[in-house]
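The structure appears right after this line, and notes come after that.
The values are calculated or read from the model by the stated rules, or taken from the named source; none is laboratory data. Please read these numbers as outputs of a predicted model, since none were measured by experiment. Cβ coordinates were reconstructed from backbone atoms using ideal geometry, including for glycine residues, and neighbour counts include every protein chain displayed. Side chains are part of the model used for accessible areas, which takes the heavy atoms of the whole protein and leaves out ligands, DNA and RNA. Shrake-Rupley method; radii C 1.70, N 1.55, O 1.52, S 1.80 Å.
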Amino acid sequence: AALPEPPARARVLDFCCGSGSIAAALRAAGGGAALRLHLLDADAVALRAARRNVADATAHVLSDGFAALPRRPRFHWIVSNPPVHNGLQSDFRVLRLLVRRAARRLRSGGELFIVVQTYVPLGAMLADQPKLEDVRTLSDDGRFSVWAARKRAQGGGGGEKKAMAGKRKREGSCPVLCERAGVPL
């Protein structure tokens, strides 16, 4: 039970859900029927099992990565125990895809929780993501680790920033290149 209790009425994506064991555990651990669970897997047989194990989920999505998942809604949580092997060989492609794209699918301040074997360099992968913060290990039993990271909250003043960005665009400046070059705007 390394995961905290999800927020009430949270929208949760179980990415690479397999048979739905993480989603079922969240439902049983206190999230109850109020959780809005979305289960996603690329394996039709696994998704069929997830439909049986978590029949009341909001959605069961057959998808290779995020491809078939609508861009909205954003999730409060994304949970995953993604595959890290292809046969006997380590293969982090699915994990890297999840880590790179999770922030796009999370709400501001949303949480990402990933279970992997301890040897997987997930901490470094998460730390390399500029839109994720508070990277931490929730548990490590020597074989498996549960990692967490939070999407950076969008601060106040967003309307003002958008207005300024629109003004710069109309004036023909290039704020992105200036920011990358360290030139104050």
- Message: I'd like to check something: does the range 106-114 contain any residue that is over 20 Å from Asp134 (Cα atoms) and modelled with pLDDT of 95 or more?
- Response: no
- Give the number of residues within the range 106-118 that are open to solvent by 10 Å² or more (accessible area, probe 1.4 Å) and either part of a helix (DSSP H, G or I) or of a type in the set (A, V, I, L, M) (or both). 1
- Query: in contact with a strand residue (DSSP E or B) (Cβ under 9 Å, 6 or more places away or on another chain), modelled with pLDDT of 95 or more and either of a type in the set (Gly, Ala, Ser) or open to solvent by less than 60 Å² (accessible area, probe 1.4 Å) (or both) - does that describe any residue in the range 150-158?
  - Reply: yes
- Message: Just to verify a result, which residue in the range 24-45, among those that are within 16 Å of Leu98 (Cβ to Cβ) and hydrophobic (A, V, I, L, M, F, W, C), is most open to solvent (accessible area, probe 1.4 Å)?
- Response: Ala42
- Which of (1) open to solvent by less than 10 Å² (accessible area, probe 1.4 Å); (2) modelled with pLDDT under 95 does Val12 not meet, given it meets every other one? (2)
- Task: Provide a single number: the residues in the range 46-79 that are under 24 Å from Arg152 (Cα atoms) and open to solvent by 20 Å² or more (accessible area, probe 1.4 Å).
- Result: 7
- Task: Assess whether Ala33 counts as being of a type in the set (Gly, Ala, Ser) and over 20 Å from Phe113 (Cα atoms).
- Result: yes
- Query: Before we move on, is Arg96 open to solvent by 30 Å² or more (accessible area, probe 1.4 Å), basic (Lys, Arg) and within 21 Å of Arg150 (Cα to Cα)?
  - Reply: yes
- Where in the range 1-105 are there strands (runs of 3 or more DSSP E), lying wholly inside it, with at least 1 residues that are of a type outside the set (Gly, Ala, Ser) and farther than 24 Å from Glu133 by Cα? 36-41, 59-62
